[in-house]
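For reference, the structure is listed below as structure tokens.
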Amino acid sequence: MAHRKARERDMLDSVYSMLALVFILVACVELCDAATVVDVYRLIQYDISGVPFGSRLASLNHHAGSLHFSPGADLSRTVVMIPVRELNISFVTEYVSRKHPLGGMLFLLPEIFRLENGGGGKDVREKEVVKNVLLELEKLLVHAKLPYPVYFAFENDEIDAVLDDVKKNDATGQPATATTGGYKLVIPIAEPKKVASPTITNIQGWLQGLKADGDANQLPTIAIVASYDTFGAAPALSVGSDSNGSGVVALLEVARLFSLLYSNPKTRGRYNILFGLTSGGPYNYNGTHKWLRSFDQRLRESIDYAICLNSVGSWNNELWIHVSKPPENAYIKQIFEGFTNVAEELGFKVGLKHKKINISNPRVAWEHEQFSRLRVTAATLSELSAAPELLESTGGLLDSRHFVDETSFIRSVQLVAESLARHIYGYQGKNIQIFADNSSLAVNPSYIRSWLDLLSQTPRVAPFISKNDPFIMALKKELADHTDEVIMQHEVLDGMFTFYDSTKASLNIYQVASVTFDLLLLLVLGSYLIVLFSFLVITTRGLDDLISLFRRPPSRKVEVSQEKLANDNYECVMV
Amino acid sequence: MTVFHFFNCAILTFGPHAVYYSATPLSEYDTLGTSVKAALVYLGTALVKLVCLATFLKVSETDNFDPYQELLKALIGFIDVAGLYFALTQLTHRNISQNHKFQAVGLGWAFADSVLHRLAPLWVGARGLEFTWDYLLQGLEANANLVLSISLAALGSLMWLRKNKPKTLIPIIYACAGIVATMPSITSYLRRGLGWQFPKVVGFELFTSLVMAFISWQLFSACQRPSA
């Protein structure tokens, strides 16, 4: 009897431990099989001298909500899905400035902004409406500190369906929480880490001029410079087709044309040409500064002047030349006259803008200012008429491929090439077209188009490009094709700016049932099983058995006490 | 709470088997051994069916209804019937009445079927965050399957274990057994050939299982009367 009881206890113990193990296994919820998976791009996260900006969190695990929530609702555990088309910028401004707690923000961009969509002429009107909103939004987000994750995604059918559902749910006035069901947005990503030593890479190409025999002195040099990196609200989407993709492509085309001229000693000019593709543009032209500091003193003194290219791809009828030396300076006058003559022939205007530089102010608004600080004559050719602020006009969300107008861009390239050539070969003031259309030296539209397309699909935020990035290698190879000598310079970005990684992620959208649904289901199933049990008992054993199930305990006690009494009596009798 | 959902679907799929065992006199007569043996026979039958399907069936790329393939699948499905025959007649059972024997065998059969076909999808799928109705429908299907298995076991015991049956009822018994045995083919025809959605198919299965249970109950009690 005791044996069996011990064995039973052992069996029960093992059963309990088995059950515990099963429960532990079952409790690992697997995050697989989402209904929808979408690529999302994170808002940039950076510090300037320790002051934090941008979105400070990356991982997301909250319910989805839309803009139609009831006022005063608690959104600290909700991700607000905002289609940019319907955005009212004052909502975002209010939320950001008042520092309301929010689970996260997901901005939905129209599909036309996708990197793969080249020139979408049909939806240009739609773009205009969204353009201003996006500009303001980007400016607001880049300069704000947001303690929650902010992501950008492109609209597609699935996410539109989810948004419609969420709007319908919100319209009933119930915020989505664990008890009311709805959609859950999950981004399982690690905490963002600082980018250790962000490298900036400068690429320079050197075209040697014709040195006559017996010429002991160094030939004068003309420099053409453009910065190739960008900065924007979503670093994985910052392709900067105009700022400064247009500058890079213009530089490459001019290099190609001059390499054709310089390949033949008979047409080689008496000037060296130095091409510079610099990085670190948005950060006060940090790369240009380091590049110039690496120059030999003789080289620096031999530079006649430098032309910097900044956004020359989308202007209408006027370009600007920005200088820091006063316009009365002889050199500046010469350069400006040269450009104006060519521009007149091509049919547009060139204006001159003078901005004094302040050595004590670390802000460098134009690339030529870095040259001027080292006493090298320089000017910037740009379509912008005013100096941009820090982190402005650096190629953001809006700057995609259709932002560049090819005809005006080709005219800018012609302007630069023609003015330089006239200066080099001494044809100032003479009406000779060196790079005439339909000649072998004409500007090649397909070359320009293919490079613009490539640049419009390559996000180029400097801290996220490694030293050996394929794009940098491509630029190096292209310059090497057109010039005699290419040198790459790798530097570390100035300590003032710190960046954090995680720019791209995958968003899982799950449709979840609420806890009340599960509880209700449990109730229904429990009652179903009880009904089934009673039905089976009644049909197979009879109704009395069912009732007796609830009456057994008292009767057994009575039985036991009766038995005990009988035993005692028996013992008494025996004794 | 998706573990919750898994738990709900699990009790819907496997609860009725436990309830059936404890509610009917099966528990009083301790017929657990019979059910376990029937479950093992089902396992063996499933393996044999797998081998036959792999050998004789072509893998079709599309999801259409191919009559020849379905006919072949139905023929292989009769291996099920052979397995049930083996479980009912060849296994040694303790002294339990015929009444309880077919119930125990049917219960073990249905429980093994549910575990083999439904436990793995439930484990993998119902614990995820995403909510679908599929697993609840699967549970309802398991319930229908339980009723069908017990009816098939009842008809089987009538066919092979009972010697004196009224002559008029014999063709009806065989016809009903045939219908119940080919249920899988019928449901796959409905799903593929007619394109019914899953909830509709499950509803059909529940309805037919109740109808067949009622008919087999009537047949069983009709056959019981002469010997009683």
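Observations on the model:
- The set of residues from the range A:414-438 being within 19 Å of A:His482 (Cα to Cα) and among the small types (Gly, Ala, Ser) comprises A:Ala417, A:Ala421.
- Evaluation of A:His68 against the conditions (1) surrounded by fewer than 14 Cβ atoms within 10 Å (Cβ to Cβ); (2) at pLDDT 85 or above; (3) on the phi < 0 side of the Ramachandran plot shows that the sole unmet condition is (2).
- Some residue of the range A:485-501 being touching a strand residue (DSSP E or B) at 6+ places or on another chain (Cβ under 7 Å), of a type in the set (A, V, I, L, M), away from every other protein chain (no Cβ under 14 Å) and part of a loop (DSSP other than H, G, I, E, B): yes
- In the range B:104-134, residue farthest from the chain's Cα centre (by Cα) [restricted to those that are aromatic (Phe, Trp, Tyr) and closer than 29 Å to B:Lys37 by Cβ]: B:Trp123
- Neighbours by Cβ (under 8 Å, 6+ apart or cross-chain): first from the range A:527-548, without any contact (Cβ under 8 Å) to a residue 60 or more places away in the chain; second outside any helix (DSSP H, G or I): A:Leu536/B:Thr24; A:Val537/B:Thr24; A:Thr540/B:Thr24; A:Thr540/B:Pro25; A:Arg541/B:Thr24; A:Arg541/B:Pro25
- Per-region count, the range A:337-352, residues under 38 Å from the mean Cα position of the chain (by Cα) and crowded, with 19+ Cβ neighbours inside 10 Å: 3
- Leading residue by the ranking (surrounded by the most Cβ atoms within 10 Å (Cβ to Cβ)) among those in the range B:120-177 that are outside any helix (DSSP H, G or I) and within 14 Å of chain A (Cβ to nearest Cβ): B:Ala126
- Residue in the range A:467-479 that is modelled with pLDDT under 90 and in contact with a strand residue (DSSP E or B) (Cβ under 8 Å, 6 or more places away or on another chain) present: yes
- Counted residues, the range B:187-214 - those being surrounded by 13 or more Cβ atoms within 10 Å (Cβ to Cβ), part of a helix (DSSP H, G or I) and out of contact with any Ser or Thr (no Cβ under 8 Å at 6 or more places or on another chain): 16
- Filtered residues of the range A:303-335 (kept if more than 38 Å from the chain's Cα centre (by Cα), over 14 Å from A:Val416 (Cβ atoms) and buried (at least 19 other Cβ atoms within 10 Å of the Cβ)): A:Ile332
- Matching option when the condition is under 24 Å from the mean Cα position of the chain (by Cα) and in contact (Cβ under 8 Å) with a residue 40 or more places away in the chain, among A:Leu454, A:Leu397, A:Leu381: A:Leu397
- Residue within the range A:332-344 that is out of contact with any helix residue (DSSP H, G or I) (no Cβ under 7 Å at 6 or more places or on another chain) and aromatic (Phe, Trp, Tyr) present: yes
- Filtered residue count, the range A:457-486, keeping only those that are without any contact (Cβ under 8 Å) to a residue 40 or more places away in the chain and buried (at least 21 other Cβ atoms within 10 Å of the Cβ): 0
- Count of residues meeting criterion [crowded, with 21+ Cβ neighbours inside 10 Å, in a loop (DSSP other than H, G, I, E, B) and away from chain A (no Cβ under 14 Å)] in the range B:1-60: 0
- Some residue of the range A:510-518 being over 30 Å from B:Thr132 (Cβ atoms) and either assigned to a helix (DSSP H, G or I) or within 14 Å of chain B (Cβ to nearest Cβ) (or both): no
The values are calculated or read from the model by the stated rules, or taken from the named source; none is laboratory data. Remember, it's a predicted structure, so these values are computed and weren't measured experimentally. We place every Cβ from the backbone using ideal geometry, glycine too, and count neighbours over all the protein chains shown.
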